[in-house]
Amino acid sequence: MQIDRRKFMAGVVATGVLPAAATIPVPARAAAPPVGKQAPGFYRFKVGDFEVTTLFDGNVKVADPNKFIVNKTPEEISVALDAAAIPRDNMRNPFVPVVVNTGKNLVLIDTGFGDNGPPGVGGLMGNMAAAGIDPKNIDTVLITHFHGDHISGIRAKAGTANYPNAEVIVATSEYKFWTDEGEASRAAQVWKGGFAGVKRVFDPIAKDVKRAEYGNEVVPGITMIDSRGHSPGHASYLVTSGTGKLMVLGDVTNNPAIFARNPEFQLWADMIPDLALTNRRKLLDMASADKIRVVGYHYVFPSTGYFVKQGKGYEFAPAAWEGTL
């Protein structure tokens, strides 16, 4: 049967119905200009009955990877960065404190820079507010070690305490090292500012700072772990609730795509490199063998996942994003 095209199209127009192929295109329109800022940097998950929140303080660009990693050649560093898809000209170092809500205690582990850091950091307080956490309700501050990116946020630049109702708990050996005038006088120039920062933060509260030993339960459900090496008294924390476990590693490794995959790589800030390597392997062995979830202070946000032993190193597997708790 022959169809007259002109009659067919006339009928279509009369009925007001066009075939799909004849639909008139509508120009695309931009809905809105770019926002230009990120969402608040906090992320929550459960460990047993405890609620854990990682909080983004910010990040800085690593100026020179060849000075960030100090015991490998530029060629070896380039190979490691390429394997981790990290561009040499945009390697980032993030800073991620943690809040653990046990139901009885509200515990902050490390405090970021506060308002004492370089551009690109200092976001902890704002992200804490976005997460609904009032700094006045923090009752315990645990410190992994006394490097400035971990302790500076205890006290604002103006001198006021950012967590006025919190008991501050630190490792005895870390406190002893950084408050020793002899150690301060012998310190390499790169650490002179660190000793000054410790005095600024801790001198006003020296009599109230609680010093604890490795292996002690410093808060019900949170135990201090010996992880010395990155600093002379570095501590990590094992969080336990029911069958749930979490290791808050601090700086046992910096970026795991570099320093866990290649544990022998030495970070410029590893103050006792051989001991740092020993304890890095010990804790990553424990985390991988027992399938313990971890949080790392310098891991890509939200900074939590698991380690899998791979050859001579460890592969970091980020935990799946949890939409509900």
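Only the coordinates and a few stated rules stand behind these numbers; no lab work does. For clarity, every value in this text was computed on a predicted model and none was experimentally measured. Here Cβ is always computed from backbone atoms with ideal geometry, including for glycine, and neighbour counts include all displayed protein chains.
Lys-Lys pairs in the stretch 166-253 that are eight or more residues apart or on separate chains and whose Cα atoms lie under 25 Å of each other come to 9.
Under the rule of -39500 (n - 2.57) per DSSP H run of 4 or more residues, summed and divided by the residues of the chain, what mean residue ellipticity at 222 nm is obtained, to the nearest 500 deg cm²/dmol?
About -7000 deg cm²/dmol.
Can you list the lysines whose alpha carbon sits under 29 Å from that of Lys37, skipping same-chain ones fewer than 8 residues off? Once the sequence-local lysines are set aside, what remains near Lys37 is Lys46, Lys61, Lys136, Lys157. Taking Cβ atoms as reference points and 14 Å as the exclusive limit, the residues near Arg280 contribute a net charge of 0, counting Lys and Arg as +1 and Asp and Glu as -1. Here Lys309 is the anchor, and the aspartates and glutamates within straight C-alpha reach of less than 14 Å, apart from those fewer than 8 places off in the same chain, are Asp285, Asp290. Summarising the overall dimensions of the stretch 177-312 from its C-alpha atoms, the Rg and Dmax are 16.0, 48 angstrom. In order along the stretch 289-303, phi translates into HN-Hα couplings of 5, 9, 6, 8, 5, 10, 10, x, 5, 10, 8, 4, 4, x, 6 Hz, rounded to whole numbers, per the Karplus curve 6.51 cos²θ - 1.76 cosθ + 1.60 with θ = phi - 60° and x for Gly and Pro.
Protection proxy ranking, highest mean first, for peptides 227-234, 152-159: 227-234, 152-159, where packing is the per-residue count of other beta-carbon atoms within 10 Å, averaged. Please give the net charge around Asn137, taking every other residue with its beta carbon less than 14 angstrom from that of Asn137, where Lys and Arg add +1 and Asp and Glu add -1. Here the count lands on -2. To the nearest whole percent, what portion of all C-alpha pairs in the stretch 228-298 is separated by more than 16 angstrom? Tail of the P(r) past 16 Å holds 43 percent of the pairs. Of all DSSP bridge pairs formed entirely within the stretch 137-269, close to 70 percent run antiparallel. Amide H contacts under 5 Å for Val60: Asn93, restricted to partners 5 or more places along the chain or on a different chain, H placed in the peptide plane at 1.01 Å from N.
For the stretch 161-253, evaluate the Debye formula with one uniform point scatterer on each Cα (no solvent term) and list log10 I(q)/I(0) at q = 0.11, 0.25 Å⁻¹, rounded to two decimals. Log10 of I(q)/I(0), two decimals: -0.37, -1.35. Here the chain carries DSSP beta bridges of which approximately 75% are antiparallel, counting only pairs with both residues inside.
Treating each Cα of the stretch 40-317 as an identical point scatterer and summing with the Debye formula, the log10 of I(q)/I(0) at q = 0.07, 0.11, 0.13 Å⁻¹ comes to -0.23, -0.58, -0.83. Taking Lys and Arg as +1 and Asp and Glu as -1, the other residues whose beta-carbon sits under 15 Å from that of Gln38 total +1. Evaluating 6.51 cos²θ - 1.76 cosθ + 1.60 at θ = phi - 60° for every residue in the stretch 174-180, the Karplus couplings come out as 5, 4, 4, 4, 7, 9, 8 Hz, glycine and proline recorded as x.
A convex hull fitted to the Cα coordinates of the stretch 120-195 yields 114 cubic angstrom per residue. For Lys291, the aspartates and glutamates whose Cα comes closer than 14 Å to its Cα, not counting residues fewer than 8 places off in the same chain, are Glu315.
From the Cα gyration tensor of the stretch 202-266, with a ≥ b ≥ c the square roots of its eigenvalues, which class applies: rounded if a/c is under 1.5, or else prolate if a/b is larger than b/c, or else oblate?
Values: a/c = 2.74, a/b = 1.30, b/c = 2.11.
In terms of gyration-tensor shape, oblate.
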